[in-house]
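> The structure is given below, and queries will be raised subsequently.
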Amino acid sequence: MRRFILILSFLWLTIMANAQTKIEITIDNNTMCATLAENGATKALIEKLSSGPITITMDNYGGFEKVGALPWSLPASDTRITTKPGDIMLYTSNNIVIFYGTNTWSYTPLGVLDSTISSEISAFVGSGTKKVTISLVESAGIEVVDKDVAATKRVYSLDGKSVAQRPLKAGVYIIDNKKVIVK
């Protein structure tokens, strides 16, 4: 029985370690979730959104995208990409773009809407100028962090023992009274 519990615990931790951060995008009282990419721009976006949701004004452009200015810049790592409906991109480090069509240009990927149905995405973004709210999806109380957790924070193992080694090895810890998965 103990071995079975250990195996289940390992599987759960593996699933949680591979979980990705999600955001919610709300337009006209309709909300869709999106899974964020893993890069410097999304890490900065998560940090900004951890203070609370933002609302920006977005407009249709070119018949294939809805674009709006962020209140701050994010670190860009543009590459030439052909987008598809549902892609969310960073353009010129301070514009967020939600695609309902395709385009080839240099962008930094931010994420993808969880819906992949083109007509559903087009209906969601709508036409004309829209107020769009972007927020982090609340997690189940477990955060995922990089190994480079600040040395000044108190870190404990799940059995309550203080952990001194830095950088932290991959695993589950208690940092600042929160359960944290270190990748």
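> Tabulate in residue order the Karplus-calculated ³J(HN,Hα) for the range 89-102, using 6.51 cos²θ - 1.76 cosθ + 1.60 with θ = phi - 60°, rounded to whole Hz; enter x for Gly and Pro.
Listing the rounded values in order: 10, 9, 10, 6, 6, 9, 10, 9, 10, 10, 8, 10, x, 10 Hz.
> Let me ask something additional. Can you compute 3J(HN,Hα) from phi for each residue in the range 49-63, using the Karplus curve 6.51 cos²θ - 1.76 cosθ + 1.60 with θ = phi - 60°, rounded to whole Hz and x for Gly and Pro?
So the J values, rounded to whole Hz, are 6, 5, 7, x, x, 10, 10, 10, 9, 10, 10, 6, 9, x, x.
> Give me the 1.4 Å probe accessible area per residue for the range 14-131, excluding ligands and nucleic acids, in Å².
49 Å²
> Once you've got the Cα coordinates, tell me which of K43/K66; K84/K153; K84/K178 are over 30 Å apart.
Checking Cα-Cα distances, K84/K153; K84/K178 exceed 30 Å.
> Can you work out ³J(HN,Hα) from phi for every residue in the range 157-163, in order, using Karplus 6.51 cos²θ - 1.76 cosθ + 1.60 and θ = phi - 60°, giving whole Hz and x for Gly and Pro?
6, 5, 8, x, 8, 5, 10
> Also, quick follow-up: By accessible area of protein heavy atoms, probe 1.4 Å, what ranking do K130, K183 get, highest first?
K183, K130
> Here's a follow-up. Residues with amide H under 5 Å of T21's amide H, sequence separation 5 or more or different chain, H placed in the peptide plane at 1.01 Å from N; which?
For T21, the qualifying residues are L36.
> Just to confirm a number: summing +1 for Lys and Arg and -1 for Asp and Glu over residues other than I27 whose beta-carbon lies under 10 angstrom from that of I27, what do you get?
Cβ neighbours under 10 Å give a net charge of +2.
> Name the lysines eligible as straight-distance cross-link partners of K48: C-alpha to C-alpha under 19 Å, and not fewer than 8 places from it in the same chain.
K22, K131
> Also, quick follow-up: So if each residue of separation counts as 0.36 nm, and I subtract the Cα-Cα distance between T79 and S115, what length gain in nm does that give?
Result for the pair: 10.6 nm of gain on full extension.
The values are calculated or read from the model by the stated rules, or taken from the named source; none is laboratory data. Keep in mind that this is a model prediction, so the values were computed, not measured. Note that each Cβ is placed from the backbone with ideal geometry, even for glycine, and that neighbours are counted across all protein chains shown. Side chains are part of the model used for accessible areas, which takes the heavy atoms of the whole protein and leaves out ligands, DNA and RNA. Shrake-Rupley method; radii C 1.70, N 1.55, O 1.52, S 1.80 Å.
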